[in-house]
(Lines give C-alpha, C1' and ligand atoms only; values in the text may rest on other atoms or scores of the structure.)
Protein backbone atom coordinates (compact mmCIF):
# COMPACT_ATOMS: atom_id res chain seq x y z
CA UNK A 1 0.00 0.00 0.00
CA UNK A 2 1.40 3.44 -0.92
CA UNK A 3 1.83 6.15 1.72
CA UNK A 4 -0.93 8.14 0.02
CA UNK A 5 -3.32 5.18 0.04
CA UNK A 6 -2.46 4.38 3.65
CA UNK A 7 -3.06 7.99 4.73
CA UNK A 8 -6.28 8.15 2.73
CA UNK A 9 -7.48 4.92 4.32
CA UNK A 10 -6.69 6.29 7.79
CA UNK A 11 -8.60 9.51 7.05
CA UNK A 12 -11.60 7.53 5.75
CA UNK A 13 -11.66 5.36 8.88
CA UNK A 14 -11.47 8.45 11.09
CA UNK A 15 -14.29 10.07 9.11
CA UNK A 16 -16.43 6.94 9.48
CA UNK A 17 -15.76 6.70 13.21
CA UNK A 18 -16.61 10.38 13.69
CA UNK A 19 -19.81 9.88 11.68
CA UNK A 20 -20.80 6.87 13.81
CA UNK A 21 -20.09 8.84 16.99
CA UNK A 22 -22.19 11.77 15.73
CA UNK A 23 -25.01 9.39 14.76
CA UNK A 24 -25.00 7.86 18.26
CA UNK A 25 -25.21 11.31 19.84
CA UNK A 26 -28.08 12.22 17.50
CA UNK A 27 -29.87 8.96 18.33
CA UNK A 28 -29.54 9.75 22.04
CA UNK A 29 -31.15 13.14 21.52
CA UNK A 30 -34.00 11.63 19.46
CA UNK A 31 -34.62 8.96 22.10
CA UNK A 32 -35.07 11.59 24.77
CA UNK A 33 -37.89 13.14 22.69
CA UNK A 34 -39.84 9.85 22.48
CA UNK A 35 -42.30 8.47 25.02
CA UNK A 36 -40.70 6.44 27.82
CA UNK A 37 -42.24 3.19 26.55
CA UNK A 38 -40.78 3.74 23.07
CA UNK A 39 -37.38 4.60 24.55
CA UNK A 40 -37.44 1.34 26.53
CA UNK A 41 -38.24 -0.80 23.46
CA UNK A 42 -35.52 0.84 21.36
CA UNK A 43 -32.94 0.39 24.14
CA UNK A 44 -33.93 -3.25 24.53
CA UNK A 45 -33.43 -3.74 20.79
CA UNK A 46 -30.00 -2.10 20.92
CA UNK A 47 -29.03 -4.20 23.95
CA UNK A 48 -30.07 -7.38 22.14
CA UNK A 49 -27.99 -6.32 19.14
CA UNK A 50 -24.95 -5.70 21.39
CA UNK A 51 -25.42 -9.13 22.97
CA UNK A 52 -25.59 -10.70 19.52
CA UNK A 53 -22.34 -8.93 18.47
CA UNK A 54 -20.57 -10.04 21.66
CA UNK A 55 -21.73 -13.65 21.20
CA UNK A 56 -20.50 -13.68 17.60
CA UNK A 57 -17.13 -12.24 18.64
CA UNK A 58 -16.85 -14.75 21.50
CA UNK A 59 -17.54 -17.61 19.08
CA UNK A 60 -14.74 -16.33 16.81
CA UNK A 61 -12.35 -16.07 19.78
CA UNK A 62 -13.12 -19.65 20.84
CA UNK A 63 -12.41 -20.84 17.30
CA UNK A 64 -9.02 -19.04 17.29
CA UNK A 65 -8.12 -20.59 20.64
CA UNK A 66 -9.20 -24.07 19.53
CA UNK A 67 -7.11 -23.88 16.35
CA UNK A 68 -4.03 -22.70 18.25
CA UNK A 69 -4.42 -25.22 21.07
CA UNK A 70 -4.66 -28.01 18.56
CA UNK A 71 -1.28 -26.99 17.19
CA UNK A 72 0.10 -26.25 20.69
CA UNK A 73 1.23 -22.95 19.23
CA UNK A 74 1.50 -20.78 22.35
CA UNK A 75 2.78 -20.83 25.93
CA UNK A 76 0.06 -18.76 27.58
CA UNK A 77 -2.38 -15.91 26.96
CA UNK A 78 -1.91 -12.24 27.84
CA UNK A 79 -4.71 -9.76 27.19
CA UNK A 80 -4.00 -6.05 26.76
CA UNK A 81 -7.23 -4.21 27.72
CA UNK A 82 -7.83 -0.87 25.99
CA UNK A 83 -5.02 1.63 26.65
CA UNK A 84 -3.36 3.11 23.55
CA UNK A 85 -4.59 2.83 20.00
CA UNK A 86 -2.29 0.51 18.06
CA UNK A 87 -1.67 3.21 15.43
CA UNK A 88 -1.15 6.07 17.86
CA UNK A 89 1.32 8.81 16.82
CA UNK A 90 4.09 7.39 19.01
CA UNK A 91 4.60 3.61 18.93
CA UNK A 92 5.12 3.00 22.62
CA UNK A 93 5.82 0.43 25.32
CA UNK A 94 2.48 -1.44 25.31
CA UNK A 95 2.68 -2.09 21.56
CA UNK A 96 6.36 -3.05 21.77
CA UNK A 97 5.74 -5.48 24.64
CA UNK A 98 2.76 -7.00 22.84
CA UNK A 99 4.97 -7.69 19.80
CA UNK A 100 7.86 -9.03 21.89
CA UNK A 101 5.68 -11.31 24.03
CA UNK A 102 4.15 -12.77 20.88
CA UNK A 103 7.61 -13.38 19.40
CA UNK A 104 8.53 -15.26 22.57
CA UNK A 105 5.56 -17.62 22.33
CA UNK A 106 2.75 -15.81 24.17
CA UNK A 107 -0.68 -15.49 22.59
CA UNK A 108 -1.50 -11.77 22.80
CA UNK A 109 -4.85 -10.06 22.35
CA UNK A 110 -4.46 -6.27 22.09
CA UNK A 111 -7.81 -4.48 22.47
CA UNK A 112 -8.36 -1.20 20.68
CA UNK A 113 -9.70 1.65 22.88
CA UNK A 114 -12.41 2.45 20.32
CA UNK A 115 -13.39 -0.76 18.51
CA UNK A 116 -13.84 -0.24 14.79
CA UNK A 117 -16.70 -2.58 13.93
CA UNK A 118 -16.00 -2.07 10.24
CA UNK A 119 -12.67 -3.87 10.72
CA UNK A 120 -12.20 -7.56 11.56
CA UNK A 121 -13.02 -8.39 15.16
CA UNK A 122 -9.67 -10.21 15.44
CA UNK A 123 -7.04 -8.87 13.06
CA UNK A 124 -3.91 -11.04 13.04
CA UNK A 125 -0.91 -8.69 13.15
CA UNK A 126 1.61 -11.53 13.13
CA UNK A 127 2.03 -14.98 14.60
CA UNK A 128 0.23 -15.08 18.00
CA UNK A 129 -0.68 -11.37 18.07
CA UNK A 130 -4.26 -10.22 17.41
CA UNK A 131 -5.47 -6.64 17.23
CA UNK A 132 -9.00 -6.78 18.64
CA UNK A 133 -11.99 -4.62 17.74
CA UNK A 134 -14.19 -6.21 20.39
CA UNK A 135 -15.88 -5.58 23.73
CA UNK A 136 -14.01 -6.70 26.85
CA UNK A 137 -17.04 -8.90 27.68
CA UNK A 138 -15.97 -11.20 24.86
CA UNK A 139 -13.22 -12.59 27.13
CA UNK A 140 -15.45 -13.25 30.17
CA UNK A 141 -15.53 -17.02 29.61
CA UNK A 142 -11.76 -17.21 30.24
CA UNK A 143 -11.02 -17.98 33.88
CA UNK A 144 -8.05 -16.22 35.53
CA UNK A 145 -6.60 -14.63 32.39
CA UNK A 146 -3.39 -12.59 32.62
CA UNK A 147 -4.21 -8.97 31.78
CA UNK A 148 -1.76 -6.11 31.21
CA UNK A 149 -2.78 -2.87 32.93
CA UNK A 150 -1.30 0.61 33.22
CA UNK A 151 -1.87 3.33 35.78
CA UNK A 152 -4.59 5.04 33.75
CA UNK A 153 -6.72 2.00 32.81
CA UNK A 154 -7.02 0.24 36.18
CA UNK A 155 -10.84 0.11 35.87
CA UNK A 156 -10.52 -2.77 33.40
CA UNK A 157 -9.45 -5.03 36.28
CA UNK A 158 -13.17 -5.50 36.97
CA UNK A 159 -14.04 -6.46 33.39
CA UNK A 160 -12.46 -9.94 33.42
CA UNK A 161 -13.08 -13.21 35.22
CA UNK A 162 -10.78 -13.19 38.28
CA UNK A 163 -7.73 -12.06 36.29
CA UNK A 164 -4.06 -12.26 37.13
CA UNK A 165 -3.08 -8.60 36.82
CA UNK A 166 0.24 -7.60 35.30
CA UNK A 167 0.69 -3.96 36.35
CA UNK A 168 3.18 -1.96 34.31
CA UNK A 169 4.18 1.10 36.37
CA UNK A 170 5.71 3.21 33.61
CA UNK A 171 5.85 6.81 34.86
CA UNK A 172 5.56 9.02 37.91
CA UNK A 173 1.82 9.23 38.49
CA UNK A 174 1.96 13.04 38.39
CA UNK A 175 2.61 12.88 34.65
CA UNK A 176 -0.89 11.60 33.87
CA UNK A 177 -3.79 13.86 32.91
CA UNK A 178 -7.23 13.49 34.47
CA UNK A 179 -8.66 13.20 37.98
CA UNK A 180 -5.50 12.91 40.10
CA UNK A 181 -7.33 11.40 43.08
CA UNK A 182 -8.76 8.65 40.86
CA UNK A 183 -5.37 8.00 39.27
CA UNK A 184 -3.77 7.61 42.71
CA UNK A 185 -6.60 5.33 43.81
CA UNK A 186 -6.18 3.13 40.73
CA UNK A 187 -2.40 3.04 41.18
CA UNK A 188 -2.72 1.95 44.82
CA UNK A 189 -5.27 -0.72 43.87
CA UNK A 190 -2.99 -2.16 41.20
CA UNK A 191 0.05 -2.18 43.48
CA UNK A 192 -1.89 -4.06 46.13
CA UNK A 193 -3.79 -6.49 43.91
CA UNK A 194 -1.60 -7.20 40.89
CA UNK A 195 -0.06 -10.64 40.61
CA UNK A 196 2.98 -9.02 38.98
CA UNK A 197 4.27 -5.44 39.15
CA UNK A 198 6.77 -4.10 36.63
CA UNK A 199 8.48 -0.72 37.07
CA UNK A 200 10.41 0.98 34.29
CA UNK A 201 12.80 3.05 36.45
CA UNK A 202 14.74 2.49 39.67
CA UNK A 203 12.91 5.41 41.29
CA UNK A 204 9.58 3.76 40.50
CA UNK A 205 10.84 0.42 41.83
CA UNK A 206 11.73 2.09 45.14
CA UNK A 207 8.29 3.71 45.35
CA UNK A 208 6.46 0.45 44.58
CA UNK A 209 8.57 -1.47 47.09
CA UNK A 210 7.03 0.58 49.88
CA UNK A 211 3.96 -1.61 49.35
CA UNK A 212 5.47 -4.85 48.04
CA UNK A 213 8.93 -6.38 47.73
CA UNK A 214 8.53 -8.40 44.50
CA UNK A 215 8.68 -5.58 41.91
CA UNK A 216 10.40 -6.47 38.63
CA UNK A 217 12.68 -3.74 37.26
CA UNK A 218 11.78 -3.60 33.56
CA UNK A 219 13.04 -0.50 31.69
CA UNK A 220 12.09 0.20 28.11
CA UNK A 221 13.92 -1.59 25.34
CA UNK A 222 14.71 -1.66 21.65
CA UNK A 223 13.97 -3.80 18.64
CA UNK A 224 17.69 -3.92 17.90
CA UNK A 225 17.61 -5.14 14.31
CA UNK A 226 15.30 -2.30 13.28
CA UNK A 227 17.83 0.33 14.36
CA UNK A 228 21.30 -1.15 13.95
CA UNK A 229 21.07 -0.79 10.18
CA UNK A 230 18.27 0.87 8.24
CA UNK A 231 16.95 -0.83 5.14
CA UNK A 232 19.51 -0.47 2.30
CA UNK A 233 17.06 1.30 -0.01
CA UNK A 234 16.32 3.92 2.62
CA UNK A 235 19.96 4.35 3.53
CA UNK A 236 20.75 5.33 -0.06
CA UNK A 237 17.92 7.85 -0.36
CA UNK A 238 17.58 10.69 2.10
CA UNK A 239 14.11 11.64 3.38
CA UNK A 240 12.81 14.49 1.29
CA UNK A 241 12.27 16.91 4.19
CA UNK A 242 15.83 16.27 5.40
CA UNK A 243 17.40 17.22 2.06
CA UNK A 244 17.55 21.02 2.67
CA UNK A 245 19.15 20.40 6.06
CA UNK A 246 21.69 17.93 4.68
CA UNK A 247 22.51 20.48 1.97
CA UNK A 248 23.75 22.88 4.65
CA UNK A 249 26.62 20.44 5.28
CA UNK A 250 26.43 21.03 9.03
CA UNK A 251 26.40 18.48 11.86
CA UNK A 252 22.83 17.32 12.50
CA UNK A 253 21.79 16.98 16.14
CA UNK A 254 18.62 14.91 16.29
CA UNK A 255 15.76 14.23 18.66
CA UNK A 256 12.58 12.25 18.16
CA UNK A 257 9.70 11.68 20.54
CA UNK A 258 6.97 13.70 22.20
CA UNK A 259 7.39 17.45 22.36
CA UNK A 260 5.69 18.20 25.67
CA UNK A 261 5.93 20.07 28.93
CA UNK A 262 8.86 17.92 30.09
CA UNK A 263 10.98 18.95 27.07
CA UNK A 264 13.47 21.73 27.96
CA UNK A 265 12.75 24.18 25.15
CA UNK A 266 14.80 26.94 26.78
CA UNK A 267 17.84 24.68 26.94
CA UNK A 268 17.45 23.81 23.26
CA UNK A 269 17.17 27.47 22.26
CA UNK A 270 20.23 28.44 24.31
CA UNK A 271 22.31 25.58 22.89
CA UNK A 272 21.16 26.43 19.35
CA UNK A 273 22.31 30.01 19.92
CA UNK A 274 25.69 28.78 21.21
CA UNK A 275 26.16 26.45 18.20
CA UNK A 276 24.71 28.28 15.17
CA UNK A 277 26.74 26.00 12.88
CA UNK A 278 24.83 22.90 14.09
CA UNK A 279 21.42 21.91 12.72
CA UNK A 280 18.96 20.77 15.38
CA UNK A 281 16.24 18.44 14.04
CA UNK A 282 13.12 17.57 16.03
CA UNK A 283 10.70 14.79 15.07
CA UNK A 284 7.48 14.12 16.94
CA UNK A 285 4.04 15.45 17.83
CA UNK A 286 3.27 18.68 19.64
CA UNK A 287 1.90 16.49 22.41
CA UNK A 288 0.29 19.11 24.62
CA UNK A 289 0.48 22.37 22.66
CA UNK A 290 3.71 23.53 24.31
CA UNK A 291 5.71 23.53 21.06
CA UNK A 292 3.41 26.09 19.49
CA UNK A 293 4.09 28.55 22.31
CA UNK A 294 7.90 28.52 22.39
CA UNK A 295 8.63 30.10 18.97
CA UNK A 296 11.35 27.71 17.83
CA UNK A 297 10.78 29.04 14.31
CA UNK A 298 12.74 32.14 15.39
CA UNK A 299 15.89 29.97 15.22
CA UNK A 300 17.16 29.25 11.71
CA UNK A 301 19.08 26.18 12.88
CA UNK A 302 16.14 24.45 14.63
CA UNK A 303 13.95 22.37 12.34
CA UNK A 304 10.74 20.62 13.39
CA UNK A 305 9.80 17.91 10.87
CA UNK A 306 6.52 16.87 12.47
CA UNK A 307 5.40 13.32 13.18
CA UNK A 308 6.94 10.32 11.38
CA UNK A 309 5.79 6.70 11.35
CA UNK A 310 7.76 4.48 13.71
CA UNK A 311 9.13 2.46 10.77
CA UNK A 312 10.77 5.61 9.34
CA UNK A 313 12.59 6.65 12.54
CA UNK A 314 15.66 4.43 11.91
CA UNK A 315 16.09 6.15 8.55
CA UNK A 316 16.16 9.62 10.05
CA UNK A 317 18.41 8.38 12.85
CA UNK A 318 20.83 7.11 10.21
CA UNK A 319 21.44 10.69 9.05
CA UNK A 320 21.86 12.22 12.53
CA UNK A 321 25.43 12.89 13.66
CA UNK A 322 24.53 13.00 17.36
CA UNK A 323 21.30 12.72 19.33
CA UNK A 324 19.82 14.29 22.42
CA UNK A 325 17.26 13.87 25.17
CA UNK A 326 16.98 17.46 26.48
CA UNK A 327 14.34 17.01 29.17
CA UNK A 328 13.74 19.19 32.19
CA UNK A 329 15.21 17.60 35.30
CA UNK A 330 12.59 16.82 37.95
CA UNK A 331 10.87 13.94 39.75
CA UNK A 332 9.00 12.99 36.58
CA UNK A 333 12.06 12.74 34.33
CA UNK A 334 14.22 11.09 37.01
CA UNK A 335 11.61 8.31 36.86
CA UNK A 336 11.55 8.17 33.06
CA UNK A 337 13.02 5.37 30.98
CA UNK A 338 13.19 7.09 27.57
CA UNK A 339 12.16 4.57 24.94
CA UNK A 340 14.41 6.31 22.44
CA UNK A 341 17.58 5.85 24.53
CA UNK A 342 18.30 2.25 23.47
CA UNK A 343 17.15 2.99 19.92
CA UNK A 344 19.75 5.75 19.72
CA UNK A 345 22.35 3.29 21.03
CA UNK A 346 21.41 0.59 18.53
CA UNK A 347 21.81 3.19 15.78
CA UNK A 348 25.34 3.88 17.05
CA UNK A 349 24.73 7.56 17.70
CA UNK A 350 26.52 9.52 20.47
CA UNK A 351 23.95 10.69 23.02
CA UNK A 352 23.80 13.89 25.08
CA UNK A 353 21.18 14.17 27.83
CA UNK A 354 20.31 16.33 30.78
CA UNK A 355 21.19 14.76 34.19
CA UNK A 356 18.20 12.41 34.57
CA UNK A 357 18.99 9.64 37.05
CA UNK A 358 17.45 6.73 35.13
CA UNK A 359 19.20 7.60 31.85
CA UNK A 360 22.58 8.36 33.45
CA UNK A 361 23.12 4.78 34.65
CA UNK A 362 24.10 3.55 31.17
CA UNK A 363 27.68 3.75 29.89
CA UNK A 364 28.46 6.06 27.01
CA UNK A 365 25.76 8.63 27.76
CA UNK A 366 27.12 12.20 27.87
CA UNK A 367 25.52 14.59 30.36
CA UNK A 368 25.18 18.37 30.39
CA UNK A 369 23.26 20.36 33.01
CA UNK A 370 23.70 23.85 31.54
CA UNK A 371 23.49 25.16 28.00
CA UNK A 372 27.26 25.73 27.92
CA UNK A 373 28.10 22.22 29.15
CA UNK A 374 25.43 20.66 26.92
CA UNK A 375 26.97 22.39 23.90
CA UNK A 376 30.44 21.20 24.90
CA UNK A 377 29.13 17.64 25.24
CA UNK A 378 27.68 17.92 21.74
CA UNK A 379 31.15 18.87 20.49
CA UNK A 380 32.50 15.80 22.24
CA UNK A 381 29.73 13.64 20.80
CA UNK A 382 30.66 14.70 17.28
CA UNK A 383 34.26 13.71 17.98
CA UNK A 384 33.05 10.28 19.15
CA UNK A 385 30.87 9.48 16.14
CA UNK A 386 33.79 7.75 14.39
CA UNK A 387 35.16 6.08 17.53
CA UNK A 388 34.48 2.40 16.85
CA UNK A 389 35.12 1.34 20.46
CA UNK A 390 32.63 3.89 21.78
CA UNK A 391 30.00 3.02 19.14
CA UNK A 392 30.33 -0.70 19.88
CA UNK A 393 29.90 -0.02 23.61
CA UNK A 394 26.60 1.74 22.83
CA UNK A 395 25.43 -1.14 20.67
CA UNK A 396 26.43 -3.67 23.31
CA UNK A 397 24.20 -1.88 25.82
CA UNK A 398 21.39 -1.86 23.25
CA UNK A 399 21.74 -5.61 22.66
CA UNK A 400 21.46 -6.19 26.40
CA UNK A 401 18.24 -4.17 26.53
CA UNK A 402 16.03 -5.52 23.77
CA UNK A 403 12.26 -5.88 23.98
CA UNK A 404 12.73 -9.62 23.55
CA UNK A 405 14.92 -9.70 26.68
CA UNK A 406 12.22 -7.80 28.56
CA UNK A 407 9.58 -10.25 27.31
CA UNK A 408 11.60 -13.27 28.45
CA UNK A 409 11.89 -11.80 31.97
CA UNK A 410 8.17 -11.06 32.09
CA UNK A 411 7.24 -14.57 30.88
CA UNK A 412 9.40 -16.13 33.61
CA UNK A 413 7.59 -13.98 36.18
CA UNK A 414 4.18 -14.95 34.82
CA UNK A 415 5.08 -18.64 34.89
CA UNK A 416 6.19 -18.36 38.54
CA UNK A 417 2.90 -16.69 39.46
CA UNK A 418 0.78 -19.25 37.61
CA UNK A 419 2.63 -22.17 39.24
CA UNK A 420 2.05 -20.74 42.70
CA UNK A 421 -1.61 -19.84 42.05
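The values are calculated or read from the model by the stated rules, or taken from the named source; none is laboratory data. Worth saying up front: this structure is predicted, and the values here are computed from it rather than measured. Don't worry about glycine lacking a Cβ; one is built from the backbone with ideal geometry, like all the others, and counts go over all protein chains shown.
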What's the number of the condition residue 185 fails, among (1) without any contact (Cβ under 8 Å) to a residue 60 or more places away in the chain; (2) out of contact with any strand residue (DSSP E or B) (no Cβ under 7 Å at 6 or more places or on another chain); (3) not in a helix (DSSP H, G or I)?
(3)
Filter the helices (runs of 4 or more DSSP H) completely within region 227-304 down to those with at least 1 residues that are farther than 17 Å from residue 352 by Cβ, more than 27 Å from the chain's Cα centre (by Cα) and in the same structural domain as residue 326 (by TED's automatic domain parsing).
232-236, 243-246
Condition check: assigned to a strand (DSSP E or B) and either closer than 23 Å to residue 198 by Cα or touching a helix residue (DSSP H, G or I) at 6+ places or on another chain (Cβ under 7 Å) (or both). Does residue 108 satisfy that?
yes
Report, by residue number, each residue of region 138-160 that is without any contact (Cβ under 8 Å) to a residue 40 or more places away in the chain and crowded, with 19+ Cβ neighbours inside 10 Å.
151, 154
When residue 241 is evaluated against the numbered criteria (1) in contact (Cβ under 8 Å) with a residue 12 or more places away in the chain; (2) touching a helix residue (DSSP H, G or I) at 6+ places or on another chain (Cβ under 9 Å); (3) closer than 30 Å to residue 303 by Cα, which criterion, by number, is the only one it fails?
(2)
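Could you please find all residues in region 84-99 being free of Cβ contacts under 8 Å to residues at least 24 places away in the same chain, buried (at least 17 other Cβ atoms within 10 Å of the Cβ) and under 18 Å from residue 260 (Cβ atoms)?
none
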Pair list, Cβ under 7 Å, 6 or more apart: region 287-305 residue surrounded by fewer than 16 Cβ atoms within 10 Å (Cβ to Cβ), other residue in a loop (DSSP other than H, G, I, E, B)
288/260; 288/261; 290/260; 290/261
Per the filter on region 325-360, residues under 17 Å from the mean Cα position of the chain (by Cα) and either farther than 20 Å from residue 267 by Cβ or without any contact (Cβ under 8 Å) to a residue 24 or more places away in the chain (or both) are 337, 339, 342, 343
With (1) touching a strand residue (DSSP E or B) at 6+ places or on another chain (Cβ under 7 Å); (2) more than 30 Å from residue 253 (Cβ to Cβ); (3) at pLDDT 95 or above as the list, and residue 222 as the residue in question, which single condition is left unmet?
(2)
For the list (1) touching a helix residue (DSSP H, G or I) at 6+ places or on another chain (Cβ under 7 Å); (2) at pLDDT below 95; (3) assigned by TED's automatic domain parsing to the domain that holds residue 148; (4) outside any loop (DSSP other than H, G, I, E, B), I need the number of the one condition that residue 191 fails.
(2)
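Only one of these is more than 20 Å from residue 414 (Cβ to Cβ) and either outside the structural domain of residue 77 (by TED's automatic domain parsing) or out of contact with any helix residue (DSSP H, G or I) (no Cβ under 6 Å at 6 or more places or on another chain) (or both): 127, 133, 144. Name it.
From the options 127, 133, 144, the qualifying one is 133.
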The one condition residue 237 fails out of (1) modelled with pLDDT of 95 or more; (2) loosely packed, with under 13 Cβ neighbours inside 10 Å is (1)
Can you tell me which residues in region 311-324 are within 17 Å of the chain's Cα centre (by Cα) and either modelled with pLDDT of 95 or more or buried (at least 19 other Cβ atoms within 10 Å of the Cβ) (or both)?
313, 314
